[in-house]
Amino acid sequence: MGHGGGGRLTQDLINRIFRPAFANAVLDAQHDSAMLAFPGGGRLAFTTDSHVVSPLFFPGGDIGKIAINGTVNDLCMCGARPLWISAGFILEEGFSIETLETIVRSMKAAADAAGVAIVAGDTKVVERGKGDGLYVTTSGVGVIETHLTIAPTGMRAGDTIILSGDIGRHGMAIMATRAGLSFESDIESDCAPLVAPVRALLDAGMEIHCLRDLTRGGLASSLVELAEASGLALAIDAAKVPVIEEVGGACEILGLDPLYVANEGRFVCILPEAQAEQALEILSRTVPAGLPVIIGSVKSGPAGQVTQRSVIGAERIVDRLSGEQLPRIC
């Protein structure tokens with residue numbers, strides 16, 4: 001199960017099995033979506049994702065909403081305008097038709113909100129006890145209209161790292177529901193499309209070097225991925241990373257680090273320091289339910305290393321999780 005947790009075991013599996021077998025320049029870019037040139041000019045972004053969240057419904061969302069927003073957000077991280085989505089459903093024998101209708105309606109609402117159309121799909125049914133109710137796989141296509149190449153290889157030493165809002169809500173919403181934890185106010189998933197803030201940055205002419213949405217493995221794993229893919233180093237200040245009180249309390253109860261808790265509506269934007277304040281102002285008007293903050297910067301080295309300055313001023317290296325912190329969160 002740890003191989004699906006988004007940490008070190010996941011990366012080891014990808015590097016040992018999938019990347020050698022499928023190696024090509026597009027895949028080796030290690031981006032959220034493939035960036036594809038096509039004859040006659042222009043570029044497309046293409047991505048695919050599978051969704052196995054448990055429970056299927058949680059505060060702030062459900063498996064259908066995650067399936068759409070997760071795919072849309074992967075396309076946005078290339079600077080693409082999401083256009084089309086396909087959806088594949090693996091249904092377990094005996095799964096409630098009424099529940100399926102609710103999830104499908106949720107997917108339609110999420111697609112409408114993100115400005116995409118669900119244009120293709122597939123349905124399979126497996127025997128009772130072999131499908132955990134419902135799994136959903138989505139693929140998405142978007143058009144890249146910007147001249148920028150927004151990717152880990154675009155990062156430069158001296159760049160500023162902006163976080164779009166508080167972290168850990170999605171993972172804690174799932175865990176609180178699963179564990180039956182209650183707080184003075186419910187923790188709701190941050191599941192949301194990121195089309196509006198990314199489009200606003202591009203429309204304002206921001207020289208975005210890299211974007212990355214924070215899903216499995218949370219902020220920490222995403223930063224490590226970017227450092228390794230770019231060959232640069234990243235440094236963040238823990239005191240500047242926002243965590244709401246309910247999420248912090250839940251993490252303390254469960255012995256979890258918020259830096260590694262999953263999100264479904266947060267991203268980091270890496271761009272030149274000179275544009276950071278303008279980007280903050282744009283994001284403050286457009287990000288869904290979040291207050292963007294500058295959390296760190298890009299350094300020239302050591303290559304692939306992420307460091308965190310603690311609230312008392314000490315520095316530590318941020319690494320991938322060695323196992324699985326949060327099972328079945330997306």
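Brief remarks on what is shown
- Test: residue in segment 77-94 that is assigned to a loop (DSSP other than H, G, I, E, B), polar (S, T, N, Q) and outside the structural domain of residue 227 (by TED's automatic domain parsing): no
- Residue selected from segment 134-169 under the condition of a type in the set (Val, Ile, Thr) and within 18 Å of the chain's Cα centre (by Cα), by the criterion farthest from residue 68 (Cα to Cα): 161
- All conditions in (1) under 23 Å from residue 268 (Cβ atoms); (2) touching an Asp or Glu at 6+ places or on another chain (Cβ under 8 Å) hold for residue 34, with the sole exception of (2).
- Criterion (surrounded by fewer than 16 Cβ atoms within 10 Å (Cβ to Cβ) and either at positive phi or part of a loop (DSSP other than H, G, I, E, B) (or both)) met by exactly one of 50, 54: 54
- Single residue of 306, 261, 311, 247 found to be assigned by TED's automatic domain parsing to the domain that holds residue 173 and at pLDDT 95 or above: 306
- Annotation note: Cβ proximity below 6 Å between a residue of segment 8-36 that is closer than 28 Å to residue 147 by Cα and a residue that is assigned to a helix (DSSP H, G or I) (sequence gap 6+ or interchain) occurs for 30/229; 32/74; 33/74; 33/75; 34/26.
- Residue that is within 22 Å of residue 287 (Cβ to Cβ) and touching a Gly at 6+ places or on another chain (Cβ under 8 Å), where the choices are 137, 146: 146
- Close pairs (9 angstrom Cβ cut-off, 6 or more residues apart or separate chains): over 13 Å from residue 68 (Cα atoms) in segment 115-133, among the polar types (S, T, N, Q) and at pLDDT below 95 anywhere: 132/54; 133/54
Residue-wise test of (1) of a type in the set (Gly, Ala, Ser); (2) at pLDDT 95 or above.
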residue: 101; (1), (2): no, yes
residue: 119; (1), (2): no, yes
residue: 159; (1), (2): no, yes
residue: 177; (1), (2): no, no
residue: 187; (1), (2): no, no
residue: 200; (1), (2): yes, yes
residue: 205; (1), (2): yes, yes
residue: 210; (1), (2): no, yes
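- Residues of segment 109-157 satisfying the condition of being of a type outside the set (A, V, I, L, M, F, W, C), farther than 19 Å from residue 30 by Cβ and in a loop (DSSP other than H, G, I, E, B): 115, 127, 128, 129, 130, 131, 132, 133, 145, 146, 147
The values are calculated or read from the model by the stated rules, or taken from the named source; none is laboratory data. All figures in this text were calculated on a predicted structure; none of them were measured in a lab. Cβ atoms come from the backbone with ideal geometry, glycine included; neighbour counts cover every protein chain shown.
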